[in-house]
Amino acid sequence: VPEHAELAWILGCLTNVPRLLRLPQWKMKHASQNNEGTVGLLTYPVLQAADILLYKSTHVPVGEDQVLHLELAQDIAQHFNKKYGEFFPVPKAILSEL
């Protein structure tokens, strides 16, 4: 679905790099790759946010390890809505039990 990539590009233009660098998954993987993490790894959470926001999801089932990524999606939705008007619902987590 091309709209996923298109929305990821738009949201990526609204997301600052320091916010992505603080995500623990990036820190762990970056360190394990001798500080040579890829752009794809860094921007994957923005693509994940696009996947959620594209369908205007209000609730998203996530595991504990994905809560920070959902928080990023929430932040991006709020930033977009503030800048361009209410468009995306701010998704809430439904924590799944393992």
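Residue by residue, here is whether (1) open to solvent by less than 80 Å² (accessible area, probe 1.4 Å); (2) under 19 Å from ARG19 (Cβ atoms) holds:
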| site | (1), (2) |
| --- | --- |
| GLU64 | no, no |
| VAL67 | yes, yes |
| ALA73 | yes, yes |
| ILE76 | yes, yes |
| GLY85 | yes, no |
| VAL90 | yes, yes |
Unmet criterion (only one of (1) free of Cβ contacts under 8 Å to residues at least 60 places away in the same chain; (2) assigned to a helix (DSSP H, G or I)) for LYS56: (2)
For a quick check of your reading of the model, give me the residue pairs whose first member lies in the range 1-29 and is of a type in the set (Phe, Trp, Tyr), whose second is surrounded by 12 or more Cβ atoms within 10 Å (Cβ to Cβ), with beta-carbon atoms closer than 7 Å and at least 6 apart or on different chains. TRP26/LEU20; TRP26/GLY37; TRP26/LEU41; TRP26/LEU42
Members of the range 47-59 found to be hydrophobic (A, V, I, L, M, F, W, C) and surrounded by fewer than 18 Cβ atoms within 10 Å (Cβ to Cβ), listed by number: LEU47, LEU54
Would you tally the residues in the range 4-23 being open to solvent by 50 Å² or more (accessible area, probe 1.4 Å) and either in contact with a His (Cβ under 7 Å, 6 or more places away or on another chain) or more than 21 Å from GLN78 (Cβ to Cβ) (or both)? 1
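Evaluate the range 46-55: report whether one residue or more is out of contact with any helix residue (DSSP H, G or I) (no Cβ under 9 Å at 6 or more places or on another chain) and at negative phi.
yes
The values are calculated or read from the model by the stated rules, or taken from the named source; none is laboratory data. In this text the structure is predicted, and so the values were computed from the model without any measurement. Cβ atoms come from the backbone with ideal geometry, glycine included; neighbour counts cover every protein chain shown. Areas reflect the complete protein model, heavy atoms only, side chains present, ligands, DNA and RNA absent. Shrake-Rupley method; radii C 1.70, N 1.55, O 1.52, S 1.80 Å.
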